[in-house]
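Shown next, in structure tokens, is the structure this report addresses.
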Amino acid sequence: DVVKSRYSSFEEVTDYCKNSADPVGRLVLMIFGSHDEKLYRYSDKICTALQLTNFWQDVEVDLQKDRVYLPEEDLAHFGYSYDDLFEKKYDEKFVKLMEFEVARTKDLFDQGKKLIELASKDSRLKRLGEHVKLTWLGGTAILKKLKDIKYDVFNKRPEVSTFDKIKIFAKSR
């Protein structure tokens, strides 16, 4: 984000994630003793989804820093411009854009979910599986919060409350 503040395609945004978020998940797997490429791929899906979730959650925050992670191709597809974005124009076009981004982010979470099961079955990774499940539940909870506020990130930053955290913890057991 220091060098680049706009992304023309979703592929460019996910490439950013490959170099920022995904290595963190791989390092955690390595710390737990795993060097399994299949687990890395599932981890990458979850880590990319987490990074994207943060981008969608922080659209307004990033605008203040002159950063836009919403891909230009998607803005154009939904007829929403940079001017609209910087004016914080909340309309049907913006809602459709955010629905689209959140849906494909949820799909990435779902693609990575197998990591929870696989890690939980491996005695070395069992504890990691529990943490991954909590992380997965937390990330998908933010996506639900985005939907609950009808994607109006200009006026409210979706966050997981203490009560939500208790529910997530209970679901993780």
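The values are calculated or read from the model by the stated rules, or taken from the named source; none is laboratory data. Predicted model only: the values in this text are computed from it and were never measured. Please note: Cβ atoms are built from the backbone with ideal geometry, for glycine as well, and neighbour counts cover all protein chains shown. What goes into the accessible areas is simple: the full protein's heavy atoms, side chains included, and nothing from ligands, DNA or RNA. Shrake-Rupley method; radii C 1.70, N 1.55, O 1.52, S 1.80 Å.
Structural remarks
- Verdict on residue 79 being surrounded by 15 or more Cβ atoms within 10 Å (Cβ to Cβ) and either under 30 Å from residue 129 (Cβ atoms) or modelled with pLDDT of 95 or more (or both): no
- Scanning region 118-173 for residues that are of a type in the set (Val, Ile, Thr) and under 17 Å from residue 45 (Cβ atoms) returns 132, 135, 140, 142.
- So residue 50, is it under 22 Å from residue 145 (Cβ atoms) and without any contact (Cβ under 8 Å) to a residue 40 or more places away in the chain: no
- Number of the condition not met by residue 95 [criteria: (1) in contact (Cβ under 8 Å) with a residue 24 or more places away in the chain; (2) more than 23 Å from residue 79 (Cα to Cα); (3) touching a Lys or Arg at 6+ places or on another chain (Cβ under 7 Å)]: (2)
- Number of the condition not met by residue 89 [criteria: (1) assigned to a helix (DSSP H, G or I); (2) open to solvent by 80 Å² or more (accessible area, probe 1.4 Å)]: (1)
- Every residue from region 115-151 that is outside any helix (DSSP H, G or I), open to solvent by 20 Å² or more (accessible area, probe 1.4 Å) and in contact (Cβ under 8 Å) with a residue 24 or more places away in the chain: 122, 124, 150
- Looking only at residues of region 118-173 that are acidic (Asp, Glu) and more than 30 Å from residue 35 (Cβ to Cβ), we find that the one that is nearest to the chain's Cα centre (by Cα) is 159.
- Residues that are in contact with a Gly (Cβ under 9 Å, 6 or more places away or on another chain) and basic (Lys, Arg) were ranked within region 11-66; the one that is most open to solvent (accessible area, probe 1.4 Å) is 41.
- The helices (runs of 4 or more DSSP H) found entirely in region 20-79 that carry 2 or more residues being of a type in the set (S, T, N, Q) and in contact with a Cys (Cβ under 9 Å, 6 or more places away or on another chain) are 37-57.
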